[in-house]
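Participant: Below is the structure I would like to discuss, written out as structure tokens.
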């Protein structure tokens, strides 16, 4: 797509280049999907390494939450601006730049001597990842024809879903190697050879520079980044510090700054200037509901995997390998669901999203019941059946959501709509991780080492039960959103619930 910031007028004057310009489309797609896989792998692979990081670097729970959320926060903050930079200077140039930043930051994470350095390196990692991500979507939208774009977006979703659930398994295996002085550091070092290989294959990415270079909006960039940071930082560390006064001031300031950001974007749009976000798209019912569905769904994904690992390791004393293997049923069925998602979405449209979010809601509720009634005696094997159902539903949703939602938006607005959806996805992940951690750690004792192992197991079970109630609620909200989304508006002004066959 003309990424996250291309306006309708610019898209109409400069249509996408034909797919014939790609000499080796499969190799190009492989490079793009490997980069996407690595970006999302780095979100989930950290989860099982949290206890090891805490022990080795003597980090508190708020700090390790920042190790996880700092990455996604930085990713979300630069996403829209990176899309505009790709339009101006070329998708390949920004892709390689982002990959270089990501790879160097991965090296910094692997050799971090303390928790502060690790958090900073993770934020830089997120910046590099955010520079890459819009270029991947832009190349897909610009270089692949509509006839194959649905399958390509399906592969993109499959890469996201698979990376999200494979990460804990791979992380557990790496930590189980128990290599001297490496341990959790391997989960970051694994990015380095992949990043170097992707940079070596940069010529497979077309430059794709737009003819019209739209002006950047530095005020919008500053307000957007500041508003998100003011919102998410106190949520990540405020609980650990007892919610001091500065945290509430920061949250209040976030509301003011983000409101000002929205006002500046609306004002620029009214004056005919190029905003970072085309807020007029919010007048489109499909876009509004799609944003809400994506927000609810992805607010539940990161905290589930992160806190499941904490529940199994910190509460029950399982190894990182056991914590990772517990999530293996979810990972396997995610791949199965992703493979079936393309044909299901083409045949049934948005009803696929209804059933996927509904099944995931049922799976979270079933896990909650198991944890509540089994308590401290719950075993990883007892969680397997709901994990199988949840993984299948998760794979179907992630592999089909963007294809189904974007198929119902006018073609002239597809670029801006997909950019908004992607940005909301990342913000939702950061917000969900911080809220989920607040829910989980609210039941934890202030001084864990003064609590007996049995009491700690019971506390961990109670904490994770509360987390699963949160998960059930957000996925149920996503399900309600997909039901409403599927209904045809009374005035018939929007596209039907089923994708247009001509755009498949």
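Participant: Looking at the stretch 234-250, which of the residues that are crowded, with 16+ Cβ neighbours inside 10 Å and modelled with pLDDT of 75 or more is nearest to residue 68 (Cα to Cα)?
Facilitator: 234
Participant: Could you please let me know if residue 373 is more than 26 Å from residue 45 (Cβ to Cβ), surrounded by fewer than 18 Cβ atoms within 10 Å (Cβ to Cβ) and not assigned by TED's automatic domain parsing to the domain that holds residue 437?
Facilitator: Working: more than 26 Å from residue 45 (Cβ to Cβ): yes; surrounded by fewer than 18 Cβ atoms within 10 Å (Cβ to Cβ): yes; not assigned by TED's automatic domain parsing to the domain that holds residue 437: no.
When the stated conditions are applied, residue 373 does not pass them.
Participant: Is it fair to say residue 100 is surrounded by fewer than 19 Cβ atoms within 10 Å (Cβ to Cβ), in contact with a helix residue (DSSP H, G or I) (Cβ under 7 Å, 6 or more places away or on another chain), at negative phi and part of a helix (DSSP H, G or I)?
Facilitator: Yes, satisfied.
Participant: If residue 121 meets every condition in (1) out of contact with any helix residue (DSSP H, G or I) (no Cβ under 8 Å at 6 or more places or on another chain); (2) within 25 Å of residue 60 (Cα to Cα) apart from one, which number is that one?
Facilitator: Looking at each condition in turn, residue 121 falls short on (1).
Participant: For the stretch 317-330, name all the residues that are within 23 Å of the chain's Cα centre (by Cα) and surrounded by fewer than 24 Cβ atoms within 10 Å (Cβ to Cβ).
Facilitator: Within the stretch 317-330, 325, 328, 329 meet the criteria.
Participant: Go through 35, 116, 76, 133 for me and flag whichever is within 26 Å of residue 440 (Cβ to Cβ), part of a helix (DSSP H, G or I), assigned by TED's automatic domain parsing to the domain that holds residue 330 and within 18 Å of the chain's Cα centre (by Cα).
Facilitator: Numbers: 35 fails: within 26 Å of residue 440 (Cβ to Cβ); 116 fails: within 18 Å of the chain's Cα centre (by Cα); 133 fails: within 26 Å of residue 440 (Cβ to Cβ).
Within the list 35, 116, 76, 133, the selection yields 76.
Participant: Another question, if that's okay. Where the second residue is at pLDDT below 80 and the first is surrounded by fewer than 22 Cβ atoms within 10 Å (Cβ to Cβ) and lies in the stretch 81-93, which pairs have Cβ atoms under 6 Å and are six or more apart or on separate chains?
Facilitator: Between residues of the stretch 81-93 that are surrounded by fewer than 22 Cβ atoms within 10 Å (Cβ to Cβ) and residues that are at pLDDT below 80, the close pairs are 88/213; 90/207; 90/209; 92/207.
Participant: Any chance you could count how many residues in the stretch 442-456 are surrounded by fewer than 19 Cβ atoms within 10 Å (Cβ to Cβ), modelled with pLDDT of 65 or more and either part of a helix (DSSP H, G or I) or on the phi > 0 side of the Ramachandran plot (or both)?
Facilitator: The total comes to 2.
Participant: Only residues that are farther than 20 Å from residue 125 by Cα and not in a helix (DSSP H, G or I): list them for the stretch 43-60, please.
Facilitator: 58, 60
The values are calculated or read from the model by the stated rules, or taken from the named source; none is laboratory data. Quick caveat: nothing in here was measured; it's all calculated off a predicted structure. We place every Cβ from the backbone using ideal geometry, glycine too, and count neighbours over all the protein chains shown.
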